[in-house]
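Chemist: If you scroll down you'll find the structure; I have some questions about it.
The values are calculated or read from the model by the stated rules, or taken from the named source; none is laboratory data. As the structure is a prediction and not an experimental result, all values here were calculated from the model. Please note: Cβ atoms are built from the backbone with ideal geometry, for glycine as well, and neighbour counts cover all protein chains shown.
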Amino acid sequence: MLKTATTIFLLLFLLTVSACGTLNTPQSKPAPAAPPPPAANPSSPSQPDWNKQLHNKLNQFDGKTGLYAKNLKTGQTFSFNQDTIFPTASTHKLLVSLAVYKYLYSEASLADKQRYDNNIKKMLTISDNPAFYELLDDIEKKKPDALTRVLTDLKLVHTRIHSREAFTKYGYHSVTTPAEMAAVFETIYNEAYLGKEFSAILKEELAKTIFNDEIPRFIQNTKVLHKVGELPGIQCDVGIIDDGRDQILISAYTSTQRPPPYASNFIANISAKTYNLLRTKG
């Protein structure tokens, strides 16, 4: 009995020593954990790919469209079918305004000067057609080559205004391209062609237009100078978004069989995307 008790005691002693030895064995150093992925910075979200979005939108248009855009501060441009011929619709009123101030105004009587100013204001703010035709009649009577001279001055090779040649070739009396009408608008904006006084008049009227469904629609609290145009199946807008830091020139033309709201919505959408693409970031 004593021998059995002694044996049990020895076994318990050996088990205790073994357990203590296991507890005191140094642990191996664990492998370093993989670094966590960098946390997303909520203040710097990834920028949308405006270039891709804009190309996709232009390619999806049901009809024909053309776009020319330029950041007048940085010189960065974007273009899509920029040399395609489109009817000018009412954007030809920009060229008539230039022709009157450049080639008729200095020789006009005071009464005619007041009439010219008033008609130009109506053309650019409410797109008044009678005012346009009245000025066109004055050009044809007093300086029949005035419009041609403006086209030559600005090196516009595709644009034609009230032209029989254009009507024979294209079915419209006045045609242009997005790039060339953009050049016309930039000419007005930079004031070099007409000088500061007349350019300021045109820019003031273009900023007061009653039509705000296209380029300005999604541009909130920002100055926009622009001239719209519309004919059956044709819709266009050319202008400058001036946010105080950048001046983004946009010239967009469309031709489609869809109802007018389709093209209007399209121009508003691509104008916002173009602005976001070309404006200075940060």
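Chemist: What residue, of THR187, THR209, THR177, THR168, is free of Cβ contacts under 8 Å to residues at least 12 places away in the same chain and not aliphatic (A, V, I, L, M)?
Modeler: None of the others qualify; the one that does is THR168.
Chemist: Give the residues of region 240-267 that are among the β-branched types (Val, Ile, Thr) and out of contact with any helix residue (DSSP H, G or I) (no Cβ under 9 Å at 6 or more places or on another chain), sorted by residue number.
Modeler: Residue satisfying the conditions is ILE267 alone.
Chemist: Pull up region 268-282, narrow it to residues that are out of contact with any helix residue (DSSP H, G or I) (no Cβ under 8 Å at 6 or more places or on another chain) and over 18 Å from VAL228 (Cα atoms), then point me to the one that is surrounded by the fewest Cβ atoms within 10 Å (Cβ to Cβ).
Modeler: The qualifying residue surrounded by the fewest Cβ atoms within 10 Å (Cβ to Cβ) is GLY282.
Chemist: Let me ask something else about it. Condition first: in a helix (DSSP H, G or I) and either under 13 Å from LEU95 (Cα atoms) or under 30 Å from the mean Cα position of the chain (by Cα) (or both). Can you find one or more residues in region 140-147 that meet it?
Modeler: yes
Chemist: Just give me the residues in region 69-100 being outside any strand (DSSP E or B), over 18 Å from the mean Cα position of the chain (by Cα) and not hydroxyl-bearing (Ser, Thr, Tyr), in sequence order.
Modeler: ILE85, ALA89, HIS92, LYS93, LEU94, LEU95, VAL96, LEU98, ALA99, VAL100
Chemist: Looking at the structure I just gave you, is TYR116 among the aromatic types (Phe, Trp, Tyr), crowded, with 19+ Cβ neighbours inside 10 Å and farther than 13 Å from HIS92 by Cα?
Modeler: yes
Chemist: Follow-up question, since we're still on this one. Are there any helices (runs of 4 or more DSSP H) wholly within region 151-259 with 3 or more residues that are surrounded by fewer than 15 Cβ atoms within 10 Å (Cβ to Cβ), and if so which?
Modeler: Hits in region 151-259: 164-170, 196-206.
Chemist: Given the residues VAL175, VAL184, which is the only one that is within 20 Å of LEU249 (Cα to Cα), at pLDDT 95 or above and touching a strand residue (DSSP E or B) at 6+ places or on another chain (Cβ under 7 Å)?
Modeler: Of VAL175, VAL184, the one residue that is within 20 Å of LEU249 (Cα to Cα), at pLDDT 95 or above and touching a strand residue (DSSP E or B) at 6+ places or on another chain (Cβ under 7 Å) is VAL175.
Chemist: Let me ask something additional. Starting from residues that are among the basic types (Lys, Arg) and out of contact with any Lys or Arg (no Cβ under 8 Å at 6 or more places or on another chain), keep the ones in region 38-68 and report whichever is modelled with the highest pLDDT.
Modeler: Among residues in region 38-68 that are among the basic types (Lys, Arg) and out of contact with any Lys or Arg (no Cβ under 8 Å at 6 or more places or on another chain), the one modelled with the highest pLDDT is LYS64.
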